[in-house]
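Novice: Below is the structure I would like to discuss, written out as structure tokens.
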Amino acid sequence: LKEIKKLGVDVARLDYGYSYEDMAKMTFNEEGLMIEMNATHVTEERLQELVKYPLDKDRLRFCYNFYPLPYTGQRYNETIALNNLIHKYGFKVMGFIPATAHHRVGTGEGLPSIEKQRNQPTHINIQEGYLCGFDDICFGDDFASTEELQMLAKYKMKS
């Protein structure tokens with residue numbers, strides 16, 4: 001983790017290859033890195049296993065993927081259920097919304113976590129994201145407009 005921090009990274013996303021005990025230990029890192037786990041594969045049993053170990057809940061967050069191809073994103077109701085489960089165990093969760101200013105090169109599609117949000121206006125996606133339980137929202141696409149960034153910042157300040 002020290003080498004990752006030297007690169008200017010603030011969040012380390014872990015998917016596979018680590019035990020729950022290892023992931024829990026990483027939350028106590030001296031570098032202050034946030035440890036992030038994939039929200040897509042959360043189950044009650046996995047969360048029960050994770051919380052068996054001492055961990056710093058302020059340094060562990062769950063995060064969804066973003067999905068570049070149409071019809072591959074999360075379902076809205078499924079996301080709400082997963083977010084409720086994650087919150088039940090005292091963790092935060094982050095999701096992605098697409099930027100409308102510029103979509104990912106190669107696909108031309110927005111990069112949301114929730115499929116329904118792929119072509120909706122930004123202000124609706126922000127509101128829906130918070131209503132479905134995202135604690136944090138990021139743009140999945142490489143360039144969000146200044147207007148979109150300001151919209152997200154203003155909405156977060158109100159919540």
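The values are calculated or read from the model by the stated rules, or taken from the named source; none is laboratory data. The shown structure was predicted, so the numbers you read here are calculated from the model rather than taken from an experiment. Glycine gets a Cβ as well: all are built from the backbone with ideal geometry, and neighbour counts include every protein chain shown. Note: accessible area is taken over every heavy atom of the protein model, side chains too, but ligands, DNA and RNA are not part of it. Shrake-Rupley method; radii C 1.70, N 1.55, O 1.52, S 1.80 Å.
Novice: I want to check the label-to-label distance for N77 and K57. Put each point 7 Å from Cα in the C-beta direction and report it in nm to one decimal.
Specialist: For the pair N77/K57, the computed spacing is 2.9 nm.
Novice: For the range 112-147 and the range 37-66, what is the centre-to-centre distance using only Cα atoms, to the nearest Å?
Specialist: 22 Å
Novice: Around L60, which amide H atoms from residues at least 5 apart in sequence, or from another chain, sit under 5 Å from its own amide H, with H modelled in the peptide plane?
Specialist: Amide H to amide H, under 5 Å and 5 or more residues apart or across chains, L60 pairs with I35.
Novice: Follow-up question, since we're still on this one. Looking at (i) 63, 40, 28; (ii) 37, 34, 34; (iii) 41, 36, 34, which value of Cα extents along the principal axes in Å comes from a calculation on the structure shown?
Specialist: (iii)
Novice: Further question: Would you mind checking the pairs K116/K156; K92/K154; K88/K156; K25/K57; K92/K116 and listing those with alpha carbons more than 18 angstrom apart?
Specialist: K116/K156; K92/K154; K88/K156; K92/K116, as the Cα separations exceed 18 Å there.
Novice: Another question about this same structure. When the accessible area of the chain is computed with all protein chains present and a 1.4 Å probe, what percentage of it is carbon and sulfur?
Specialist: Roughly 54 percent, rounded to a whole number.
Novice: Let me ask something additional. Might you tell me the accessible area per residue for the range 1-69, computed with a 1.4 Å probe and given in Å²?
Specialist: Per residue, the range 1-69 has an accessible area of 59 Å².
Novice: With contacts defined as alpha carbon pairs under 8 Å and 6 or more residues apart, what's the relative contact order of the chain in percent?
Specialist: 19 percent
Novice: Further question on the same structure: When the helix-only estimate is applied to the chain (DSSP H runs of n ≥ 4, each -39,500 (n - 2.57), divided by the residue count), what is the mean residue ellipticity at 222 nm, nearest 500 deg cm²/dmol?
Specialist: -10000 deg cm²/dmol
Novice: On average, how much accessible surface per residue is there in the range 79-159, in Å², for a 1.4 Å probe, leaving out ligands, DNA and RNA?
Specialist: 49 Å²
Novice: If the chain between D15 and Y155 were fully stretched, how many nm would it gain, using 0.36 nm times the residue separation less the Cα-Cα distance?
Specialist: Answer, rounded to one decimal: 47.4 nm.
Novice: How large is the dipole of the range 39-159 about the Cα centre if only Lys and Arg carry +1 and Asp and Glu carry -1, each at its Cβ, rounded to the nearest 20 debye?
Specialist: Dipole of the range 39-159, to the nearest 20 debye: 240 debye.
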